[in-house]
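What follows is a short report on a single structure.
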Amino acid sequence: MKLVIGSDHGGYELKEDVKQYLIDKGYDVEDVGTFSTASCDYPDIAKAACAKIQSGECERGILVCGTGVGISMAANKCKGIRAACCSDTFTARYVTLHNDANVLCFGGRVVGAGLAHELVDAYLSGTFEGGRHKIRVDKIMALEAEQL
Ligand code: RB5
């Protein structure tokens, strides 16, 4: 599976750690930045990462900012993106199983590297269950389509 990963400065160090963790596990990982701790704007990173998913180049994404919230808000403004900000493994598992989330977000100032590894494992290990959950996810996407 090809993944896209990105962060702002608040998530930079954790992003680098998680990127290496995923590469070591055999994932093909595309990094859209940021590439230093210099201040930058998380919507720019979210946009660049989501474009990789929208084009089909990457299947899923991992985004990190200070809290995980700003970058998930920005990602969820991008068409076709279902981003979930998680700091526990139960939620990270179920956003795949029930919500078909195509982006996982978390905060570099909230979770440590050990928990972040468990979050990405939980998120990436399952597959969308479909069925009644597909009806609900389709309604989410219909909401997006009907916005002016
Ligand atoms: C940057 O200081 C910080 O606001 C950002 O990383 C993020 O936490 C926003 O939601």
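Odds and ends about this structure:
- Beta-bridge orientation, the range 8-148: approximately 0 percent antiparallel, per DSSP, counting only bridges with both partners inside.
- Unpartnered cysteines - no second Cys beta carbon under 4.7 Å - across the chain: C40, C58, C65, C86
- Note on the chain: lysine pairs with Cα distance below 20 Å, sequence gap of 8 or more or different chains, count 18.
- Computed over the range 56-148: relative contact order in percent, which uses C-alpha pairs under 8 Å that are six or more apart: 30
- Per residue Cα convex hull volume in Å³ - calculated over the range 2-64: 58
- Solvent-free Debye scattering, log10 I(q)/I(0), computed from the Cα coordinates of the range 99-148 at q = 0.20, 0.23, 0.31 Å⁻¹: -0.79, -0.87, -1.13
- From the C-alpha gyration tensor of the range 35-100, square roots of 5λ in Å: 20, 16, 10
- When the chain is reduced to its Cα atoms, the Kirkwood hydrodynamic radius in Å: 14.9
- Net charge in the neighbourhood of A46 (other residues with Cβ under 10 Å of its Cβ; Lys, Arg +1, Asp, Glu -1) is -1.
Every number here is computed from the coordinates shown, using simple stated rules; none is lab data. Since we're looking at a predicted model, the values are computed, not measured. For neighbour counting, all protein chains shown are included, and Cβ atoms are generated from backbone atoms with ideal geometry for every residue, glycine included.
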